[in-house]
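First the structure, in the form of structure tokens, and then the observations on it.
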Amino acid sequence: MIPLKDIDHPTERVPVVTYGFVALNVLVFLAVAGDLDAAARSFGAVANHFTGLDADPVVGIGADGRRVVVEPVPRSGFWPGRVLSHMWFHGSLMHLLGNVWFLHVFGDNVEDRIGRLRFVGFYVACGVAALLAQVLAGPASGLPMVGASGAIAGVLGAYFRFFPRARVLTLVPLGFLLTTFVWPAFVFLGIWMGIQLLSAWAEVGSGAGGGVAWWAHIGGFVAGWVLVGWLAPAERSASAPRPAR
């Protein structure tokens with residue numbers, strides 16, 4: 001399911017921070033597009049750098065189709081800076097596009113609700129909380145984690161809290177056909193969260209590590225739902241749709 005737009009909540013102000021975050025993610029991707037793997041290893045967050053554990057061995061598939069051992073990222077340089085740097089890099093074009101689109105659809109309303117400066121701090125805090133969740137889930141991982149997914153999951157958590165009944169126009173593939181549905185936000189985001197939980201559980205059950213940081217998504221969503229309750233101005237109602245201008 002791909003969200004196209006929310007219907008009930010036009011913003012009162014231009015979401016300059018949301019647009020700025022989208023632009024920054026795109027610019028960083030373009031700057032390192034020539035070697036995404038090297039950028040991930042240089043700027044991605046690595047769990048065992050924070051925990052001090054020996055890295056778990058990871059077996060991957062090489063260019064020739066043979067199984068190879070993936071070398072963990074060595075701890076070097078100012079590695080604590082990866083706490084912040086990891087959330088601005090992406091592993092592929094589809095990874096980038098999916099993230100910035102979700103941020104575009106849902107970020108403007110959250111920014112409008114809590115204010116621009118608060119939104120900056122909120123976004124970064126959710127990204128850090130998402131990283132913490134992923135580190136706790138795989139403390140011995142020596143592979144880099146990159147992407148804005150955790151921070152954006154926090155934005156989804158905030159949207160879920162503020163606008164649960166807002167209608168979301170969604171593109172849904174049905175076999176070879178594409179159709180659109182209008183879902184309440186709590187249904188759409190509930191399905192999204194359910195997918196994250198099932199995927200994380202399946203990965204744990206299989207004993208294999210995948211290429212998606214499911215626990216970062218879960219941790220970011222929960223952090224967003226919790227944190228935004230402390231940031232929201234008390235005087236404005238979040239439940240009633242604002243009239244369209």
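The values are calculated or read from the model by the stated rules, or taken from the named source; none is laboratory data. Quantities reported herein were computed from a predicted structural model and do not represent experimental measurements. Every residue, glycine as well, gets a Cβ built from its backbone with ideal geometry; the counts of neighbours run over all protein chains shown.
Structure notes:
- Just one of the listed residues (VAL100, VAL135, VAL124) is part of a helix (DSSP H, G or I), at pLDDT below 95, among the aliphatic types (A, V, I, L, M) and within 17 Å of HIS217 (Cβ to Cβ), and it is VAL135.
- For the range 156-168, filtering for residues that are part of a strand (DSSP E or B) and under 20 Å from the mean Cα position of the chain (by Cα) leaves 1.
- Search result, residues across the range 169-198 that are farther than 20 Å from VAL155 by Cα and part of a helix (DSSP H, G or I): LEU198
- Residue match in the range 165-187 (condition: surrounded by fewer than 22 Cβ atoms within 10 Å (Cβ to Cβ), closer than 20 Å to SER42 by Cβ and modelled with pLDDT under 90): no
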